[in-house]
1. Which one is farthest from THR294 (Cα to Cα) among residues in region 259-283 that are touching a Ser or Thr at 6+ places or on another chain (Cβ under 8 Å), among the hydrophobic types (A, V, I, L, M, F, W, C) and not in a loop (DSSP other than H, G, I, E, B)?
2. Give the residues of region 93-124 that are under 27 Å from TYR296 (Cα atoms) and in contact with a helix residue (DSSP H, G or I) (Cβ under 9 Å, 6 or more places away or on another chain), sorted by residue number.
3. Mind listing whichever residues of region 240-265 are of a type in the set (Ser, Thr, Tyr) and free of Cβ contacts under 8 Å to residues at least 40 places away in the same chain?
4. Exactly one of these conditions fails for ASP193: (1) surrounded by fewer than 16 Cβ atoms within 10 Å (Cβ to Cβ); (2) charged (D, E, K, R); (3) at pLDDT 95 or above; (4) not in a helix (DSSP H, G or I). Give me its number.
5. Evaluate the following for LYS250: is it surrounded by fewer than 21 Cβ atoms within 10 Å (Cβ to Cβ), assigned to a loop (DSSP other than H, G, I, E, B) and charged (D, E, K, R)?
6. Could you run through region 196-235 and say how many residues are hydrophobic (A, V, I, L, M, F, W, C), within 28 Å of ARG286 (Cβ to Cβ) and assigned to a loop (DSSP other than H, G, I, E, B)?
7. Could you say whether any residue in region 212-231 is closer than 22 Å to ALA98 by Cβ, out of contact with any helix residue (DSSP H, G or I) (no Cβ under 6 Å at 6 or more places or on another chain) and either among the β-branched types (Val, Ile, Thr) or modelled with pLDDT of 95 or more (or both)?
Amino acid sequence: MTTAFVKTLKTINFMSGKADSLAEIKRHRKQAELASRLATPKKGVERKPFRLGKLRCEEITPEKSYDPDYVILYCHGGGYISGGLDYAGNLAVKLAMATGFKAYSFAYRLAPEHPYPAAAEDGAAIWEYLTKNVAEADHILLAGDSAGGNMALSLTQRLISEGKPAPRELLLFSPWTDMTGTADSYEANQSIDPILTKDFVMNSVKSYIGDKDPSDPAFSPLFGSFDNFPPVYIMAGRNGILLDDSVRLKERIEQAGGTAELDIEEKGWHVYQQIPGPIAKKAMKRLAEHVSRTIYGKR
């Protein structure tokens, strides 16, 4: 990854700023939706919007190799302050096409207008809808990128703590597992991650949880319980500032006796799968092969 490429992505990327005002956050949101519309595959799926009360959702059905027995619930990233259905559509569409499973995405409420626990409540609402109307929990793969990975992990921890069925597996892209901002990869990769900056991350924390303790497991699932946790497949880029969030997540799950597989793309960055190009296509192919092994066994 060349210095020029990093600078170019930082220039056009909506998460490379500070996001320290509502006006700046709203600008980020517009950029994120536009960039995602341009990057999302236009063919190969059928997309149907629907609502759960005020919560805007989307059902994405692959046109080929469709298996109706399993579904994916995808939680989008954006630091809990940005992202909508267009932003979510990028990876939700790619997940549906890669796995052959119907995918569901949703535009949860965003901070700072709607701080914690609004987003968590919306995630719980669509999970309840799916488990009551679409599929059993063990036939749902729960996916998420960055803050969406945080949401997926936190939701699963709550379900287990409440004695409720957990997802079949979690599929995570550069998950944000620790809101304290203390990981070494923030400094080590600050000049080579073209997508995310520590300023954006820490301003997102302030917008989402205010003065609450960021080390609380409700916000940083890395510090929560992983007892009886379902298998987790993690994809991260070697150059991402949240790399350590993925590495330590794998360690915590395995320490608790669970199963976690970590796929580190040596040339990748934060949620590099969103960008059109060979590196993203190869990553989705690896994910598809993993899901095929997990669900159907080796072929």
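1. ILE264
2. From region 93-124, those under 27 Å from TYR296 (Cα atoms) are 93-105; that's our starting set.
Answer for region 93-124, where residues must be under 27 Å from TYR296 (Cα atoms) and in contact with a helix residue (DSSP H, G or I) (Cβ under 9 Å, 6 or more places away or on another chain): LYS94, LEU95, MET97, ALA98, THR99, GLY100, PHE101, LYS102, ALA103, TYR104, SER105.
3. Taking region 240-265 as the starting set, the residues that turn out to be of a type in the set (Ser, Thr, Tyr) are 246, 259.
Matches in region 240-265: THR259 only.
4. For ASP193, the exception is condition (1).
5. Working: surrounded by fewer than 21 Cβ atoms within 10 Å (Cβ to Cβ): yes; assigned to a loop (DSSP other than H, G, I, E, B): no; charged (D, E, K, R): yes.
When the stated conditions are applied, LYS250 does not pass them.
6. Going through region 196-235 one residue at a time, the tally reaches 3.
7. So the first thing to find is which residues in region 212-231 are closer than 22 Å to ALA98 by Cβ, and the list is 230-231.
If we keep only those that are out of contact with any helix residue (DSSP H, G or I) (no Cβ under 6 Å at 6 or more places or on another chain) as well, we get 230-231.
Going one step further and asking which of them are either among the β-branched types (Val, Ile, Thr) or modelled with pLDDT of 95 or more (or both), we end up with 230-231.
Checking region 212-231: at least one residue is closer than 22 Å to ALA98 by Cβ, out of contact with any helix residue (DSSP H, G or I) (no Cβ under 6 Å at 6 or more places or on another chain) and either among the β-branched types (Val, Ile, Thr) or modelled with pLDDT of 95 or more (or both).
Here is a yes/no grid of residues against (1) buried (at least 16 other Cβ atoms within 10 Å of the Cβ); (2) farther than 22 Å from ALA111 by Cβ:
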| site | (1), (2) |
| --- | --- |
| THR180 | no, no |
| SER204 | yes, no |
| TYR208 | yes, no |
| VAL232 | yes, yes |
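The values are calculated or read from the model by the stated rules, or taken from the named source; none is laboratory data. As the structure is a computational prediction, the values presented were derived from the model and not from experiment. Don't worry about glycine lacking a Cβ; one is built from the backbone with ideal geometry, like all the others, and counts go over all protein chains shown.
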